[in-house]
1. Report, by residue number, each residue of segment 461-489 that is over 12 Å from residue 571 (Cβ atoms), touching a helix residue (DSSP H, G or I) at 6+ places or on another chain (Cβ under 7 Å) and either open to solvent by less than 20 Å² (accessible area, probe 1.4 Å) or basic (Lys, Arg) (or both).
2. Tell me which residues, restricted to segment 19-60, are within 30 Å of residue 74 (Cα to Cα) and open to solvent by 80 Å² or more (accessible area, probe 1.4 Å).
3. Answer yes or no as to whether residue 417 is surrounded by 17 or more Cβ atoms within 10 Å (Cβ to Cβ) and either modelled with pLDDT of 95 or more or out of contact with any helix residue (DSSP H, G or I) (no Cβ under 6 Å at 6 or more places or on another chain) (or both).
4. Would a scan of segment 279-300 turn up a residue that is of a type outside the set (S, T, N, Q) and in a helix (DSSP H, G or I)?
5. Starting from segment 202-213, keep only residues that are among the basic types (Lys, Arg), then list their pairs with residues that are in a loop (DSSP other than H, G, I, E, B) and open to solvent by 50 Å² or more (accessible area, probe 1.4 Å) whose Cβ atoms are within a distance under 6 Å, requiring at least 6 positions of separation or different chains.
6. So, of the residues in segment 272-300 that are closer than 12 Å to residue 319 by Cβ and surrounded by 19 or more Cβ atoms within 10 Å (Cβ to Cβ), which turns out to be nearest to the chain's Cα centre (by Cα)?
7. When you go through 353, 358 one by one, which is the residue that is at pLDDT below 95, assigned to a helix (DSSP H, G or I) and open to solvent by 10 Å² or more (accessible area, probe 1.4 Å)?
8. Identify, please: which residue in segment 309-350 is of a type in the set (S, T, N, Q) and open to solvent by less than 50 Å² (accessible area, probe 1.4 Å) and is, among those, farthest from the chain's Cα centre (by Cα)?
Amino acid sequence: MRELFEKVLEESLFVHFPLKMEADRSLEKKDRDKPVEESHRLWDGRDTKCWSFEGDGSREFADRELRLSTQARSEHWPDREMRSFQANSGKYTTFGSFIARLDVSGLELSGGNRIAFRIKPDCPGAHSTMLRVGFKNDGAVKIPDTYSREGFHAVNLKNHQWNTCFWEIDSIAHDKITEISFEIHRYGKDVSTGDHITFSLAELYLQRVKPNVVHGWKCQQGSISYDTAADVSQQTVQSAEVTEGILTAALAVKDSSPRLYLRMMEEVNWGLDYILRMRFGDGYRAANASIRRWTDGLLGNFDDEAADVNNRFFENFIFAAVEAKAGEAFAQMDPELSWKLLEAAEEDYAFARERFERVGVEEAHMEEHTSSASLSQYYAAAALAAARLYHVTESNTAYRIDSLSYIQKVMDCQERGDASKGKKIPPLRGYFYRDEEKKHIVHFSHQARDQIFAMALEQVCRTFSEEPMAKLCENALRLHGEYLKNLNSYAAPYGMLPAGIYHVSECEDVKTFAVIHPNTTFAQEKENYREQLEQGIDLGDGYCIRMFPVWFSFRGNSAIQLSMGKSAAVIGKYFQDPELIQIAQNQLSWTLGKNPFRQSLIYGAGSGYAQEYTALLGETVGEIPVGVQTKGNEDLPYWPQACIATYREVWTTPAGKWLSLAGDIIHRKK
């Protein structure tokens with residue numbers, strides 16, 4: 001297997017061209033080979049009255065096929081669109097859709113559990129051909145659900161050929177299916193896409209098969225076996241964090257795999273180029289652009305999407321930390337780039353520090369994926385950046401003073417297990433609160449930066465090893481490692497770390513709810529919040545452990561468990577603790593198939609990997625989705641086949657965290 005991978009790697013010129021995927025190891029190949037126990041035809045290929053259509057496009061019935069044709073883009077915005085709150089203004093929208101709806105309300109379909117069909121895209125020049133299938137259920141449970149997580153499946157197709165597609169819906173309410181739909185998203189044209197796109201549809205069936213395990217902890221086929229943002233939106237701070245993840249992995253293989261090291265450093269260079277180009281040099285930068293379409297590349301017309309420009313100190317602390325680390329790493333390879341990175345690091349730190357001291361906690365800006373950051377995370381980011389800057393400048397005592405001051409504030413936010421202020425001693429200790437008042441524990445529901453506490457503490461320990469503060473930081477690291485070990489006692493047999501400890505009082509915190517849970521409201525979800533806590537593991541006195549986060553609109557735990565794994569790796573590496581290193585490695589194993597579904601979450605790696613929601617970019621070997629979700633208010637893993645945001649949406653954040661974690665484990669083994 002290793003020889004085959006190395007051959008494919010060579011053929012791709014070390015991923016200058018996309019890696020080739022082994023289709024025979026995919027979930028789709030396995031599903032194609034399943035015996036069909038029962039099959040019901042949904043359309044006879046002749047009746048046209050059972051179809052209705054919505055949007056700009058044309059249809060043709062011929063040869064028992066339905067042919068749908070539309071333009072790749074339009075010159076106006078749609079009136080409404082899923083996932084967009086301001087579709088008619090072009091905010092986070094496509095150029096509209098063309099939808100074919102099949103009325104199946106008169107058919108008895110409750111016995112089936114797999115929608116099957118054949119489809120042929122004819123989209124000249126398109127690199128990514130995708131069609132979204134959907135169904136409506138009018139039974140006791142309505143589908144689609146409130147957040148449109150259930151009831152849709154975006155199928156990735158091969159262009160100019162017939163694709164046989166299956167969608168298992170056994171886990172989704174389907175007792176009274178009334179409609180099946182096929183939706184063409186008009187994403188615009190990339191450099192090669194033609195003006196027109198066509199999809200031909202035929203042979204629609206509802207089948208019954210033995211379903212895959214997608215829900216709960218019981219393993220697929222009763223045993224554990226594993227092999228060791230889809231749109232074009234851009235978040236600059238995430239680019240910085242992913243760049244650091246690649247850099248961490250690159251440095252870990254520098255001696256053992258020189259060619260891989262150089263290739264990864266090339267990729268790091270691209271990331272740094274982007275980060276530096278987004279700076280305006282005064283604290284402001286082009287921070288993000290939420291976009292899900294190809295524009296025509298011409299400035300000044302209606303399809304432009306303006307970048308969000310802001311000056312936020314949490315992001316600037318992160319940029320300063322990344323720039324400082326990268327500046328040191330490129331000192332020999334590219335001294336000029338190194339100089340610029342270190343200059344930018346010092347400037348960005350100064351901008352961040354001045355604003356932090358003046359403003360305090362930033363107002364939440366939901367376009368930014370850092371909007372849920374807590375004051376304790378601000379302290380940690382500041383301490384990390386200051387310690388790295390002191391390390392690379394070797395003489396600036398101001399960074400020493402700042403780092404030691406901020407890290408003390410981090411430790412003031414940690415639960416130490418003492419009965420202070422008359423409060424009962426919690427059942428676990430070592431975790432962090434959002435601030436020094438210690439009322440709300442740090443949690444994540446989608447984005448996650450759990451690792452920032454361990455990274456800051458560890459950096460201070462190494463940089464200021466002779467300072468009295470280093471011993472205090474070591475104690476804090478040990479406490480956090482103890483917390484992760486305690487969580488790990490609930491992780492058998494798969495090793496996925498629980499999301500953490502919660503307290504029932506948190507479901508009354510309206511202010512914190514608003515920044516952690518986007519696209520919903522406290523009033524709408526308060527009772528669901530309470531029910532999710534009740535589904536956790538009761539620890540007494542209002543405390544519980546949730547295997548998965550409390551979450552609502554945004555779900556998927558890859559970033560969460562990988563960032564916790566990074567914490568375990570950082571602490572395990574510092575103390576040479578094999579138990580923590582194993583906990584860290586278990587988080588990688590979960591993504592590679594050591595999970596109840598026996599599916600690798602990394603497309604093209606291991607086996608049982610399935611299609612993911614890739615939208616504009618197409619399938620890419622190595623892509624990782626937002627991650628496994630839960631069903632409703634449960635605390636059980638749920639991983640249905642449907643490719644839809646957010647849980648199956650491809651995202652660079654978990655890939656960056658995976659590489660960062662793997663780099664620490666490789667470095668420790670050396």
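1. 464, 470, listed by residue number.
2. Passing the criteria: 49, 59, 60.
3. For residue 417, the condition - surrounded by 17 or more Cβ atoms within 10 Å (Cβ to Cβ) and either modelled with pLDDT of 95 or more or out of contact with any helix residue (DSSP H, G or I) (no Cβ under 6 Å at 6 or more places or on another chain) (or both) - is not met.
4. no
5. 208/37
6. Filtering segment 272-300 for residues that are closer than 12 Å to residue 319 by Cβ and surrounded by 19 or more Cβ atoms within 10 Å (Cβ to Cβ), the one nearest to the chain's Cα centre (by Cα) comes out as 287.
7. 358
8. Top of the filtered list is 338.
The values are calculated or read from the model by the stated rules, or taken from the named source; none is laboratory data. Just so it is clear, the model here is predicted, and its values are computed rather than measured. No Cβ is skipped: glycine too gets one built from the backbone with ideal geometry, and neighbour counts run over all protein chains shown. With ligands, DNA and RNA removed, areas are computed over all heavy atoms of the protein, side chains included. Shrake-Rupley method; radii C 1.70, N 1.55, O 1.52, S 1.80 Å.
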